[in-house]
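Here is the structure we will look at, set down as structure tokens.
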Amino acid sequence: MTTYHLMVAPNGARRRQADHPGLPLRTAEIAATAAACQRAGADALHLHVRDREGGHSLDAGRYRAAMAAVAEAAPGMAIQITTESAGMFDVADQLACLEALRPAAASVSVREMARDWTLAARAYAICAEAGTEVQHILYGPDCIAALRQAYARGDIPAQIRSAIFVLGQYAPPRLAEASELRMFLEATADLDLDWGLCAFGRQEHACLLAGLEAGGRLRIGFENNTQAADGSEYPDNAASVAEFVALARAAGHRPLVMPVSEDKGAQL
């Protein structure tokens, strides 16, 4: 039985609780979700924070508060912040966030960094200096081409080789299909990436299982999808995590962090 990493992305930058009441937005809600998802089998959290009105934020203070709350609620859970602009922030804002936090891990969109490679190169250099594990967000062939060119120019340090493939898209809505993975793998075959994937829409679990079978890391959660394959809504992120863990177990895979119920059973 193979072991896999499972990161949960519980909220994202755009959805509100009007879209789903189980979406965690406040610090306490995010921390409680992290703990529940850890008990269900997730070993890492992809962290977005929101402002007082519930809008997307890159505020370093809000990040620090959320990271501390998650560390207390879910000890040992890895935390990856996002620098996503969501159409609100420029590269200077993203650079400032990374410089202020110098986090253990961060996701960075190559498409967004390409808006200003001078500032982007500084952001990547800060991450390399701080030891931040950067995960490049790749949406398609254009992003892959930009990543390859940035390596060639030296704008991105050669050792930063983690990436996440995004299957489907949020807006305009396009449901992910597992068949999309092949393009990403073929287009990045020469880049020696430590890759993972996430998937929009109710085929999320099928896409993740395909990624698992291909040797990738996995990201699950309400940022990308709130529905089961039959279109019914999950009540919360932990329910989705638990269902996927069961699906993967049936296919011969176990999460790095065993679900609490299984841990207790193993100790009996």
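Taking Cα centre as origin and charging only the Cβ of basic (Lys, Arg, +1) and acidic (Asp, Glu, -1) residues, the dipole magnitude of the range 31-182 rounds to 200 debye.
So I have [x] 13; [y] 19; [z] 29, and one of them is percent of Cα pairs over 34 Å apart calculated from this model. Which one is it? Given [x] 13; [y] 19; [z] 29, the calculated one carries the label [x].
Between Arg254 and Thr2, Thr3, Tyr4, the built amide H atoms are under 5 Å apart, and every one of these is 5 or more places off in sequence or on another chain. Annotation: amide H of Ile137 within the under-5 Å range of Val108, Ser109, Val110, Ile164, sequence separation 5 or more or interchain, hydrogens built in the peptide plane.
Calculate how many DSSP beta bridges within the range 115-268 are antiparallel, expressed in % of all such bridges and rounded to the nearest 5. So the antiparallel bridges in the range 115-268 amount to around 15 percent. For Arg161, the shell of other residues with beta-carbons less than 14 Å away shows a net charge of -2, using +1 for Lys and Arg and -1 for Asp and Glu.
Each principal axis of the range 14-90 carries a Cα extent, and these read 33, 26, 17 Å when sorted largest first.
Loop-located trypsin sites (Lys or Arg not before Pro) in the range 24-79 (DSSP state not H, G, I, E or B) with no more than 13 neighbouring Cβ atoms inside 10 Å: Arg52. Take the chain, mark every one of the GluC sites (Glu not before Pro) that falls in a DSSP loop and has at most 15 other Cβ within 10 Å, then report the longest stretch left between them, sites excluded. Value returned for the longest uninterrupted segment is 54-176. Note: relative contact order over the chain, using C-alpha pairs below 8 Å and six or more positions apart, is 23 percent.
Dividing the mean sequence gap of close Cα pairs (under 8 Å, 6+ apart) by how many residues the range 1-132 holds gives a relative contact order of 21 percent.
Couplings for the range 144-159, taken from phi via the Karplus curve 6.51 cos²θ - 1.76 cosθ + 1.60 with θ = phi - 60°, read 5, 5, 5, 4, 4, 5, 5, 4, 5, 6, x, 5, 10, x, 4, 6 Hz in order; Gly and Pro are left as x. For Ile79, the amide hydrogen comes within under 5 Å of the amide hydrogens of Leu45, counting only partners 5 or more places away or on other chains and with H modelled in the peptide plane.
Solvent-accessible surface of the chain, taken per residue with a 1.4 Å probe and all protein chains present: 43 Å². The DSSP beta bridges internal to the range 1-140 are antiparallel in roughly 15% of cases. Size descriptors for the range 226-265 (Cα atoms only): Rg and Dmax, in that order, 11.2, 32 Å.
The range 87-153 and the range 1-64 have Cα centres spaced 21 Å apart. How much of the pair distance distribution for the range 177-268 lies past 16 Å, counting alpha-carbon pairs only, in percent? Cα-Cα pairs in the range 177-268 separated by more than 16 Å: 57 percent. Per-residue 3J(HN,Hα) values for the range 228-245, derived from phi via the Karplus relation 6.51 cos²θ - 1.76 cosθ + 1.60 with θ = phi - 60°, read 6, 4, 8, x, 6, 8, 6, x, 7, 4, 4, 5, 5, 4, 4, 5, 5, 4 Hz in sequence order (x marks Gly and Pro).
Normalising the average separation of contacting C-alpha pairs (under 8 angstrom, six or more residues apart) by the number of residues puts the relative contact order of the range 144-268 at 18 percent.
As a fraction of the 1.4 Å probe accessible area of the chain, surface on carbon and sulfur atoms comes out at 52 percent.
Taking θ as phi - 60° and the Karplus parameters 6.51, -1.76 and 1.60, the scalar couplings of the range 246-261 work out to 5, 4, 5, 4, 5, 8, x, 10, 10, x, 4, 9, 6, x, 4, 4 Hz in sequence order, x denoting glycine and proline.
The values are calculated or read from the model by the stated rules, or taken from the named source; none is laboratory data. Nothing here was measured: the structure is a model prediction, and the numbers come from that model. Neighbour counts run over all protein chains shown; Cβ positions are idealised from the backbone, glycine included. With ligands, DNA and RNA removed, areas are computed over all heavy atoms of the protein, side chains included. Shrake-Rupley method; radii C 1.70, N 1.55, O 1.52, S 1.80 Å.
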